[in-house]
1. In this structure, is Thr43 polar (S, T, N, Q), free of Cβ contacts under 8 Å to residues at least 60 places away in the same chain and surrounded by 22 or more Cβ atoms within 10 Å (Cβ to Cβ)?
2. If you check Ser39, Ser64, Ser49, which single one turns out to be at pLDDT below 95 and out of contact with any Asp or Glu (no Cβ under 6 Å at 6 or more places or on another chain)?
3. Collect the residues in region 29-44 that are among the acidic types (Asp, Glu) and over 16 Å from Ser64 (Cα atoms), keeping them in residue-number order.
4. Please enumerate the residues belonging to region 86-96 that are out of contact with any Phe, Trp or Tyr (no Cβ under 8 Å at 6 or more places or on another chain) and either under 22 Å from Phe206 (Cα atoms) or surrounded by 22 or more Cβ atoms within 10 Å (Cβ to Cβ) (or both).
5. Please go through region 97-107 and give me each residue that is farther than 16 Å from Tyr85 by Cβ and surrounded by 22 or more Cβ atoms within 10 Å (Cβ to Cβ), ordered by number.
6. Suppose we keep only residues that are within 16 Å of the chain's Cα centre (by Cα) and of a type in the set (Val, Ile, Thr) within region 17-54. Which one would you say is farthest from Gly84 (Cα to Cα)?
7. Which count do you get for residues in region 140-149 that are closer than 21 Å to Val202 by Cβ and modelled with pLDDT of 85 or more?
8. If I ask for residues that are closer than 22 Å to Asp94 by Cα and assigned to a loop (DSSP other than H, G, I, E, B), which ones from region 107-122 would you list?
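The values are calculated or read from the model by the stated rules, or taken from the named source; none is laboratory data. Just so you know, these numbers come straight off a predicted model, no measurement behind them. Using ideal geometry, Cβ is built from the backbone for each residue, glycine included, and neighbour counts are taken over all protein chains shown.
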Amino acid sequence: MKNLVIIPTYNEVENIEKIIRAVFALEEGFEILIIDDGSPDGTANVVKSLQDAFSGRLHLMERSGKLGLGTAYLAGFKWALERGYDYVFEMDADFSHAPADLPRLLRACTVDGADMSIGSRYCNGVSVVNWPIGRILISYFASVYVRKVLGFKVYDSTAGFICYSRKVLEAINLDGVQMKGYGFQIEMKYTAHKLGFRIEEVPVIFINRKEGTSKMSGSIFGEAFWGVIKLRFRKFN
């Protein structure tokens, strides 16, 4: 199997080398695609300095300017499909998603038979460490809102730690994905659900970043709020 971990970055120079080495220390032989949105702190230069050491396993896509999380993943998905990867992962660069959980997400698909697996903060209560209580409440009730509006039985619909099987990404019209920020995560999961794919939530512990700066903004939440209502009335083939 060919397994690719996609990690979007913007100003992650404090974390990037450590996260790359942590993923490559796993026995499963993951490859990594870093998608850097023109980080002025030199994140891409750090990746380039490591490519010889991890030849053929560490890939870099450089984009000019902050183009959004969703567009980064969509570009990565297309890149992965063109190159024949079997399983494609979303993961943050800041260690809020533990690299050691990647094999668990993979096994949920390869052993348990899921088409998509989610590293879930909320399927076993609330498993979040070092987040302000306000941030936890916004995130938790965003998923409650999605379940109520869409009738979607996923506890962590906004999660960004995901394993997609190739057939899911092939079935979704990537050019038709409308939400680009926080709502992107909801749209991808709900689309997979509506297309009949099996989704499994894998409980993980989410730990707030220790280094670097969060990229969240109020506009991201606004897009998700209205985008969910639009999803309720969208037709899926």
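1. yes
2. The match here is Ser64.
3. Answer for region 29-44, where residues must be among the acidic types (Asp, Glu) and over 16 Å from Ser64 (Cα atoms): just Glu31.
4. Passing the criteria: Ala93, Asp94, Phe95.
5. Of everything in region 97-107, just one residue is farther than 16 Å from Tyr85 by Cβ and surrounded by 22 or more Cβ atoms within 10 Å (Cβ to Cβ), namely His97.
6. Checking each candidate, the answer is Ile19.
7. 5
8. Arg121, Tyr122
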